[in-house]
1. Report yes if B:Gly266 is more than 14 Å from B:Leu335 (Cα to Cα), crowded, with 17+ Cβ neighbours inside 10 Å and within 27 Å of the chain's Cα centre (by Cα), otherwise no.
2. Within segment B:281-295, is there a residue that is touching a residue at least 60 places away in the same chain (Cβ under 8 Å) and over 29 Å from the mean Cα position of the chain (by Cα)?
3. Give me a count of the residues in segment B:361-381 that are modelled with pLDDT of 75 or more and of a type outside the set (D, E, K, R).
4. For residues that are under 27 Å from B:Leu125 (Cβ atoms), modelled with pLDDT under 55 and not in a loop (DSSP other than H, G, I, E, B), tally how many sit in segment B:29-83.
5. Of the conditions (1) within 13 Å of another protein chain (Cβ to nearest Cβ); (2) within 13 Å of B:Phe254 (Cα to Cα), B:Arg338 satisfies every one except a single condition; which number is it?
6. Do you know which residues across segment B:228-243 are out of contact with any Gly (no Cβ under 6 Å at 6 or more places or on another chain) and in contact (Cβ under 8 Å) with a residue 24 or more places away in the chain?
7. Quick one: would you say A:Arg55 is touching a residue at least 24 places away in the same chain (Cβ under 8 Å) and among the basic types (Lys, Arg)?
8. Could you tell me which of the residues A:Gly278, A:Gly242, A:Gly273 is within 11 Å of another protein chain (Cβ to nearest Cβ) and surrounded by 17 or more Cβ atoms within 10 Å (Cβ to Cβ)?
Amino acid sequence: MRFLVNPECYHKMCESCVDRIFSQGPAPCPVAGCARTLRKQRFRKQTFEDLQIEREVDVRRRVAATFNRRESEFQTLRDYNNYLEEVETLTFNLLYNIDVAITEAKLASYAKQNAADIANNKALSAQESASTEARMAAQKEQARLRREAARIEEEEERREREEGRREIIEKIAHSTDDPDKIVREGQKVVLKKSTARRNAADRLRAQDAASVDNASAPLFQIAGLRPITQPQLEQVYDPFGGYVVKPSYFELQPSYAHPWLEKAKTDPQILAGGYDVGEYCARTMMEACAGLGVFVEEEVARRERAADADLGTQSAAIAGGEGGGSGSDVL
Amino acid sequence: MAVSPVVTHEATSNVKVTAAKAKSLAVRTNSFPHKTEAPPEKKQGGQELAERLNHETKEKYVKDKKLGEGTYAIVYLGHLKADPLSKVAIKKIKVNTEYRDGLSMDAIREVKYLQELSHPNIIALHAVFSSKNQNLNLVLEFLPLGDLEMLIKDSEGIRYGTAEVKAWMGMLGRAVWFCHENFVLHRDIKPNNLFIAADGEVKLADFGLARSFSDPYRPMTYQVITRWYRPPELLYGARFYSGAVDVWSMGTVFAELILRVPFLAGNTDIHQLELICQAVGTPTEEIWPGVSKLEGYVGYEKASIVPVRGKDFYLARFGTAGPVGVDLLMSMLALDPRKRSTARQMLEHRWWTSDPRPTAKVDLPRKGGGLEKMGDDLKRRGGEVEDGRGNKVARKLNFGATK
C-alpha cells in the first residue's frame, strides 16, 4: 500500500482513498477536525519519514525561491548576514505559525517589489547548475572515450605482437639464414611499429583534448565576480584634497600694530629661528572667534537625531545638558 | 533638645543649593535612572558624572588582543561592542616612573591635539577613557598596512616611481598643512610616523611632541624632531621657530622617498650639521641674516664654507623627481626658515599639477605591515626609533630646557 500527503495539511492517506475521494474534484480533507479543501493533483509521495521535516523543507524551498539574493549583491558581509537573519526569522515564523498573516503579506510584498531581481537570480542559478551538469556530463563522456581508446590500443598491440612472432617463426621455417639474426630483425620491426603507433595515439589524444576544451569553454563560469563599475572621469588633482581653511568671522590684516609685538618683529634672535608674529596674530584672532556660531544645544539635537538609540545618545545628552546650561557644577 | 539646632542648620544649608546645581542634578537623575550602578560612596556631582561618562566610553569598546608592548605604552587590537567587525587600536599609556603623580606629557599632547584635528590624513582619535589604576587609554583609528619607512626600506620587494612619491608627499603635505592651519606644530615628522590605512591613505600619527604655535617671547625647546629630520635652526638652538621646522622634515622625507635611504643620517648633532653643510650649503650671515645670533651657531672658516647648492647639484641626485620636483625640494630645504616655503606654499607648487599625475591611492604599492607593525609603531614614545638602524638618534623631549 502507498501513502500520499498533500502539502496543504500533511495528513497521510493511502493511494486508493485519494483516488476514491478526490477523483471527482476538490474535496475537504477526511481527517476529523481538518476541513481544508484538497486537490488530487497536489498529492505526492512523502520524501521524509517525519512529516514535520517534510513540511519544513517545503516552506524553506518556497521562501528560498523568493529570497534568492546573493552575497555579491551586498556591499558588506554584514549587510548580507543581516539579510540572512531576516529571512531566517521569516522562515521560522512560517514554520511555527507565528504571525502567519503578516509574514505571508511580507513575503508577497517582497516578491512583488523585487520580481525582476528574483527572476534574474533564478535564471542565473539555473544557468549555473545547467553549466555544471553539462560540464560533468562532458567529463564523464570524455573519460569513457579515453578508456575505450586505451582498450582498443592495447588489443591492437597484443595482436601485432602475436603477428610479429608468427612472422618470425614463419621466416625461420622457410629460410636458411641464422635464426638468431632473423629473431633480432623481427623484434626491431615490431618495436618500430609500436613506437609509431604510440606517437600517433599521443597526437590524437592531444587533438582530442584541445577540441574538448574548445567545446566546454563557453560553459566555464567563475563565481564571485563583482559587477564591473564604470571608472569615473578623473578629476583634476587638488593638492589640498578639497579642504578650504578660511576664517569666516574676521578678516586677517597683513600687520597688527601693538607695542608689545614690536620687539618680536625686530629681534634677530627671534627672527632668525623663523618665528613669525603674523602667525601669532592669526592664531589669537582664530582663538578669539573660535566659539562664535557654536550652539551646543543645536549640535546635540542634530547628533541625537542622527545617532541610533544607543549609549552614545545618552552620553551626548548629558554632555550637552551640562555644557549648554549649567556649567558651574561640573568638575 | 541640643540636637535640634544642628538639624535645622543642616536643613537650611541643604536648601541653599544653587539654581544651577539643582538643574544639573535634575538632568543627571533624569538621564540615569540606573542608580544601582553608581559607586557605593556618595561623591560630588561633577566627579560622579565624569566617572559615569568614562565608564560608558570604556564599555563601548572591547579589547581583543595585545599587539605590542613598549616602555611607554601597550597597544591592543579592539572593536566596538556594538559592531564586532569594526576595528580600532587601543593604546594604553603606562603610568611611568617619571610622571608618577600625573600623566606623561606625551600622552597629554597626543590627546590634546588629536582630538582637535579631524582630517583624512591625520590618524583619528575615536575616544579616550581611563581604565583601572588611572591608566589612560586612547582609542585610535586602526591602520593595518604598516608605515612609509617599511616601503622605503624594502627596495627589493617594492618598486615605485615619481607618481607614487607625489601621491605620498601630497597626503603628507595635506596633513601638515592642516596642522599648521590649526596652529599645531607636529615636531616629529619622519617616515615611520606616517602610517598607511587599508585603502592606501597616508596618515600622520604620533603627536607626542606636538604643541601649538608659541606666543611671542615664550621660548620653545629645540630638542625636538628625530635628528635626521631636524632643521638647521633647531640644531643651532633656536628657541623661537615656526611651522618651517615641519617643512624641513617633509623635505628630508621627500628626499628619502626618492633616494630610498635616509637623506641626512647624522650620528651626532655636530655630524648632522656637517651633513647639512655638505648637502645643502653652509649657513652664513649672507644667506641667512641673523643666523650668527642663534645660541648654538658655530662660525665657519672661509675655506670650509660650502656655497649653497644650485639646481644642477640637486638634479644630479634627485633627477627622477624632474626639474619641477627638484625646484620644490629646494624650496623645502632652504636653510633660512623665513625663505623656506610654508606648507601652504608647498601645496600651491606647480609640481602637483605637472606630469606625472599622482597615483590613485588604491594603486599605491603596499606591503602587509600587519598587526604587529602597528603595535610596534604605536608603543614608541615620540622621537624614539627602535629598529637599531639609528638607535642613537633617539631624543627625548627635555622639559627642563624650556624653563
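1. Values: more than 14 Å from B:Leu335 (Cα to Cα): yes; crowded, with 17+ Cβ neighbours inside 10 Å: yes; within 27 Å of the chain's Cα centre (by Cα): yes.
Yes.
2. In the first step, residues of segment B:281-295 are kept if they are touching a residue at least 60 places away in the same chain (Cβ under 8 Å); the result is B:294.
With over 29 Å from the mean Cα position of the chain (by Cα) added as a condition, the list becomes none.
Within segment B:281-295 (the criterion being touching a residue at least 60 places away in the same chain (Cβ under 8 Å) and over 29 Å from the mean Cα position of the chain (by Cα)), the answer is no, since none of the residues qualifies.
3. The first filter runs over segment B:361-381 and keeps only residues modelled with pLDDT of 75 or more, leaving B:361-367.
Next, only the ones that are of a type outside the set (D, E, K, R) stay: B:362, B:364-365.
Number of matching residues: 3.
4. First pass over segment B:29-83, keeping only residues under 27 Å from B:Leu125 (Cβ atoms): B:31-32, B:37, B:46-83.
Those still in the list that are modelled with pLDDT under 55 too: B:31-32, B:37.
From the residues that got through so far, the ones that are not in a loop (DSSP other than H, G, I, E, B) too are B:31, B:37.
Summing the residues that are under 27 Å from B:Leu125 (Cβ atoms), modelled with pLDDT under 55 and not in a loop (DSSP other than H, G, I, E, B) in segment B:29-83 gives 2.
5. Of everything listed in (1) within 13 Å of another protein chain (Cβ to nearest Cβ); (2) within 13 Å of B:Phe254 (Cα to Cα), B:Arg338 misses just condition (2).
6. Here is the first cut: in segment B:228-243, the ones out of contact with any Gly (no Cβ under 6 Å at 6 or more places or on another chain) are B:228-232, B:234-235, B:239, B:243.
Result: B:Trp228, B:Tyr229, B:Arg230, B:Pro231, B:Pro232, B:Leu235, B:Arg239, B:Gly243.
7. Numbers: touching a residue at least 24 places away in the same chain (Cβ under 8 Å): yes; among the basic types (Lys, Arg): yes.
Yes: the conditions hold for A:Arg55.
8. Values: A:Gly278 fails: surrounded by 17 or more Cβ atoms within 10 Å (Cβ to Cβ); A:Gly242 fails: surrounded by 17 or more Cβ atoms within 10 Å (Cβ to Cβ).
Matching residue, one of A:Gly278, A:Gly242, A:Gly273: A:Gly273.
The values are calculated or read from the model by the stated rules, or taken from the named source; none is laboratory data. Values in this document were obtained by computation on a predicted structure and should not be read as measured data. Glycine also receives a Cβ, built like all others from the backbone with ideal geometry; neighbour counts cover every protein chain displayed.
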